[in-house]
Structures are given as structure tokens and as C-alpha cells.
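These notes are about the structure you will find just below.
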Amino acid sequence: MHLFINSLAASAGGGLTYIRNVLPYLAEDPRLRVTVALSSDLREEFRHYRNIDLLDVKAPVARRFWYEQSTLPEIIRRSGADVLLSTGNVALRRSPVPQILLSRNSIYLSKDFYRDLLARHEYRAWLDTHLRGFIARKSIAWADITVAPSEAFAAELQRWAGRQVLAIHHGFDPEGFRRTSIPFAPEVEEKLGAARDCLKLLFVSHYNYYRNFETLIRALPLLRDRLPNRSIKLLLTCSLSPGKNPGAYDPETAAQLAKKIGASDMIVELGSIPYHQLGQLYARASVYVTPAYTETFAHPLVEAMASGLPIVASDLAVHREICSDAAEYFPKFSAQDLAEALARVISSPETARRMSAAGLQRSGDFSWKAHVERILELCTALLDPGGQKRPLEETVPNSHARSA
């Protein structure tokens, strides 16, 4: 089977994590030939995989949608591919082959996100998100099968688009995650060394609005008041300075908030940490925390569980699905409840040990190998037994075989 993967949208965060973890399993399958369209600046990272043909695409971000809809179909047709896997929330309107869409962006459905943008007076971003959301919703109708990374998000998509969506959890590779022992950059090691004797909270994320940094920052001085004898640091894998993070999100509000409430000295801005070094960072933290107000899967939660960290997370259906008993939950916009939840976990070693044990067990339920096998099963279902392409109307009804 010849699988064509459109990963032009993979540049940071979950999209890049996905392609980094899926390609090795596809490359090892002798039954497959795989062609991947990806951004030109990622070509070097993936060039060593066998059975993987890389298309070096130089499509500006502003023109990517037009390129995908106008040029990519002919490239796919010429490649002789059997099935298209679209990984970036947007499907081809007229795919020349059966198409599986991976939908994994919850901000298009999030009322909280739209309210947040208006509160920040980011009206252009508000309009742009509505437009992208319109396309993402249409894409579910354009695709033959739509897949979401969690049951909770699949259910949201299904209500939003009025079409069935299949839930297949993203995976985790514990051996690969812990394999690298390359030391941190000197400036990162210096910052970690300065926090050596502190209780370290960890939040792995680029700066963006829906990860709700401001609620976490507001909780820091409240936590300090509850634990006056503990020195506490929050480790961030981003910068709160403008222009130092991927995307167009402005961290200035968060930085000013930290200064205003006297929390700046509690925050350690490590900057972006390479994925292959994240395992070492989790190992040096005490508690993992996430205040996100919308989410689809949250890879760092699985990474934190596999690293034995207790977790304090905003009370989202996705977070409860992924973490189960391995996390303490708090109302997503309550800094006070967040501080109290952190204080409970930190003050009770027995609670932390119980959560750690539950997390280690739960993390074993997530497998990239199992994820890839399920995706390939869907690909096979879109082809007839002889491996010939089937007309789209002859595949599964509106091609959504199963609900979440």
C-alpha cells in the first residue's frame, strides 16, 4: 500500500510530535511505501528513514491552504498513492484518493478561546480563527474518515460537525523518550542548577492563549502563601518575551502579570527544549501542572505520567480521560483552586506516590505502535481486497465507519 501523508502543517507542538513518532513505525513496515509532504526546514530531520519519500515543499504559511487545495491533489495523483492521511485539521476538498483526516485542534470549537481573543482585543485573530474553524468543519465532510486523538474531543467534533468521528488515542514511546542523554545547553543547565534545591513545577508548552498561562501565574503567589517554608519554581519551556516563541501569540500580558503580582522570581523561562531532551527535564521536576482551558489530547500529560510525576490539571473531559486517577483536578480559571490543589499534592507525599504509581500504570495504555496499526487498518478498509482504489461513495457510509 502506498500511503501519502500531508504534514505541511507540522511545525511545532502536537503536529510535530505526531509526525516524529509515527514515521519510524511506518518506515519499518515492509508492506508500505510512504510519501510525506512536509515543510522544507524539517527535511533534514527525517531524511534517514527508509521506505519514506520526502517531498520538500516550499509553500509559505499564508498560502498553504491554497497550495494544498490547488497543487497537492495532482502531486498525489502522480505519486500513485492509494490513501491520503491529512494530519493538519484540513482535508483536501477533492482528494484523488480515499482520505483520512486527523482533526486535533480544539480552539475552533472553544467558546473560551473566542472570548479570550476578544478580551485581548485581538479581533483579527478572532476572525481568522472563525475562518479556519469553518474550513476545519467543512474538512470533516470532505474526508472519508475523520479521526480525533481522544474520545472526549471526538464527541465534541461530532456534535459540532454533525458527522461521526472515530477516536484513536495518540501514543507514547517510553524507550525513545528516555533514550537520549545529550546534556542541556549551558544556559538551560545554569537555570536548572539555580533551582536545584527548589520544589519545581513543570509546564511543557509553547506560549499560547488556550494553555491559560495567566491562571497558572496568578496561582504562584497563592501557593507561596500556603507553603511559606518551601522555595517554589515554575519551569516553563517557552519565553515570556515577545518574538521568542512559535506563532503569533503575544506573551507580554503574562509577563506583565507576573511582575504586577510579584511572581516573576518564581518563574524560570527555559525557552524551547528539544523533544529528545524532554525526558531529562521531567526527571528533574517535582510536579507537572497544566491549566489549559481547551485540549484534544495533551502529549505532555502522558510524558509526565511515564516520568512518575504527580499531575495537577484543569478539569477538562480530555484531561480526565487521559490521566484518570493520576491527576488532581481544579476548575480551569480558578487560580485559588489551582494553588490549593498543588498544595495538597505537595504537602502529602503519600498522595504524590499514589498519583505517581497510577500515572506510570496509565501511561502504558498509550502506544504509537497500536495507533499506527489502527490507522493502517482504516487505510485498508478504504481499499478493496485486491488493493485497488475504490470510489469514495463505495467506502464506509459518508465514510465514517464508527462513532467515538
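How about the range 74-104: which of its residues are more than 14 Å from residue 3 (Cα to Cα) and either not small (Gly, Ala, Ser) or not assigned by TED's automatic domain parsing to the domain that holds residue 157 (or both)? Of everything in the range 74-104, those that are more than 14 Å from residue 3 (Cα to Cα) and either not small (Gly, Ala, Ser) or not assigned by TED's automatic domain parsing to the domain that holds residue 157 (or both) turn out to be 74, 89, 90, 92, 93, 94, 102, 104. Against the numbered list (1) among the polar types (S, T, N, Q); (2) surrounded by fewer than 18 Cβ atoms within 10 Å (Cβ to Cβ); (3) free of Cβ contacts under 8 Å to residues at least 40 places away in the same chain, residue 307 comes up short only at (2).
Confirm whether residue 156 is in contact with a strand residue (DSSP E or B) (Cβ under 9 Å, 6 or more places away or on another chain) and without any contact (Cβ under 8 Å) to a residue 60 or more places away in the chain. Yes; evaluated as a whole, the condition is true for this residue.
When the range 226-249 is filtered for residues that are under 23 Å from residue 190 (Cα atoms) and not in a loop (DSSP other than H, G, I, E, B), the ones remaining, listed by number, are 232, 233, 234, 235, 236. Would it be correct to say that residue 166 is in contact with a His (Cβ under 8 Å, 6 or more places away or on another chain) and either in contact (Cβ under 8 Å) with a residue 24 or more places away in the chain or not assigned by TED's automatic domain parsing to the domain that holds residue 359 (or both)? Answer is yes for this residue.
One line per residue, one yes/no per condition, for (1) in the same structural domain as residue 344 (by TED's automatic domain parsing); (2) surrounded by fewer than 16 Cβ atoms within 10 Å (Cβ to Cβ); (3) closer than 15 Å to residue 273 by Cα:
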site	(1), (2), (3)
176	no, yes, no
199	yes, no, no
216	yes, no, no
219	yes, no, no
225	yes, yes, no
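Of all residues in the range 178-197, those satisfying the criterion of being surrounded by 12 or more Cβ atoms within 10 Å (Cβ to Cβ) and either closer than 28 Å to residue 372 by Cβ or of a type in the set (A, V, I, L, M, F, W, C) (or both) are 178, 180, 184, 185, 188, 192, 195.
Contact map, the range 178-199: first residue hydroxyl-bearing (Ser, Thr, Tyr), second residue exposed (fewer than 14 other Cβ atoms within 10 Å of the Cβ) and not in a helix (DSSP H, G or I), Cβ cut-off under 9 Å, separation 6 or more or different chains; pairs are 180/274. A single entry from 217, 232 fulfils the requirement of being farther than 20 Å from residue 332 by Cα and of a type in the set (A, V, I, L, M, F, W, C): 232. When the range 117-133 is filtered for residues that are farther than 23 Å from residue 318 by Cα, without any contact (Cβ under 8 Å) to a residue 60 or more places away in the chain and in a helix (DSSP H, G or I), the ones remaining, listed by number, are 118, 119, 123, 124, 126, 127, 128, 131.
The values are calculated or read from the model by the stated rules, or taken from the named source; none is laboratory data. Because the structure is predicted, anything quoted here is derived from the model rather than measured. All Cβ positions, glycine included, derive from the backbone under ideal geometry; neighbour counts span all protein chains shown.
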